[in-house]
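To start, the structure itself, in structure tokens.
The values are calculated or read from the model by the stated rules, or taken from the named source; none is laboratory data. Bear in mind the structure is a predicted one, so any value in this text is a computation, not a measurement. A quick note on method: Cβ atoms are made from the backbone with ideal geometry, for glycine too, and the neighbour counts reach across all protein chains shown. For the accessible areas, the whole protein counts, side chains as well, though only heavy atoms, and no ligand, DNA or RNA atoms are used. Shrake-Rupley method; radii C 1.70, N 1.55, O 1.52, S 1.80 Å.
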Amino acid sequence: MIATRYRAKMTPYEVSKRNLLSRSPKRITITIPHSTFEAIVQRSNEEGRSLSNLAAFILEQGIQKQ
């Protein structure tokens, strides 16, 4: 006989928490030309934001324009 796990019903709080965790920000790694890197570093310094924050913003803006 194959053993099966018993899963108790999740509370509404646990369901909500699980949904939030699945929608949490995700990390990626990309390779970009050196000139693009220099431009994004300069822009991030000018705007006073982190490099990763600016990169995420630019990606989101590009997706929204589609």
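Taking 0.36 nm per residue of separation and subtracting the Cα-Cα distance, what length does fully extending Ser22 through His34 add?
1.0 nm
Take peptides 43-49, 28-34 and line them up by average Cβ neighbours within 10 Å, highest first, as a rough protection proxy.
By packing density, highest mean first, the sequence is 43-49, 28-34.
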For the chain, what is the charge dipole size about the Cα centre, in debye to the nearest 20, if Lys and Arg each add +1 at the Cβ and Asp and Glu each add -1 at the Cβ?
-> 640 debye
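Which length gain, in nm to one decimal place, applies between Asn53 and Val41 when the Cα-Cα distance is subtracted from 0.36 nm times their residue separation?
Computed gain between Asn53 and Val41 is 3.2 nm.
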Across region 49-61, in residue order, what do the Karplus-derived ³J(HN,Hα) couplings come to in whole Hz, using 6.51 cos²θ - 1.76 cosθ + 1.60 with θ = phi - 60° and x for Gly and Pro?
-> 10, 6, 4, 5, 5, 5, 4, 4, 4, 5, 4, 4, 5
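Please list Leu59, Leu54 in order of solvent-accessible area, largest first, computed with a 1.4 Å probe with all protein chains present.
So, going from the largest accessible area down, we get Leu59, Leu54.
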Answer label for semi-axes √(5λ) of the Cα gyration tensor in Å (calculated), chosen among (1) 41, 15, 11; (2) 29, 12, 11; (3) 20, 13, 9 = (1)
Which ³J(HN,Hα) values, rounded to whole Hz and listed in residue order, are derived for region 31-46 from phi using the Karplus coefficients 6.51, -1.76 and 1.60 in 6.51 cos²θ - 1.76 cosθ + 1.60 with θ = phi - 60°, glycine and proline given as x?
-> 10, 10, x, 4, 5, 5, 4, 4, 5, 6, 5, 4, 5, 5, 5, 5
Would you please give the FRET efficiency between Gln64 and Ala8, computed as 1/(1 + (r/R0)^6) with r the Cβ-Cβ distance and R0 = 30 Å, to the nearest 0.05?
-> 0.15
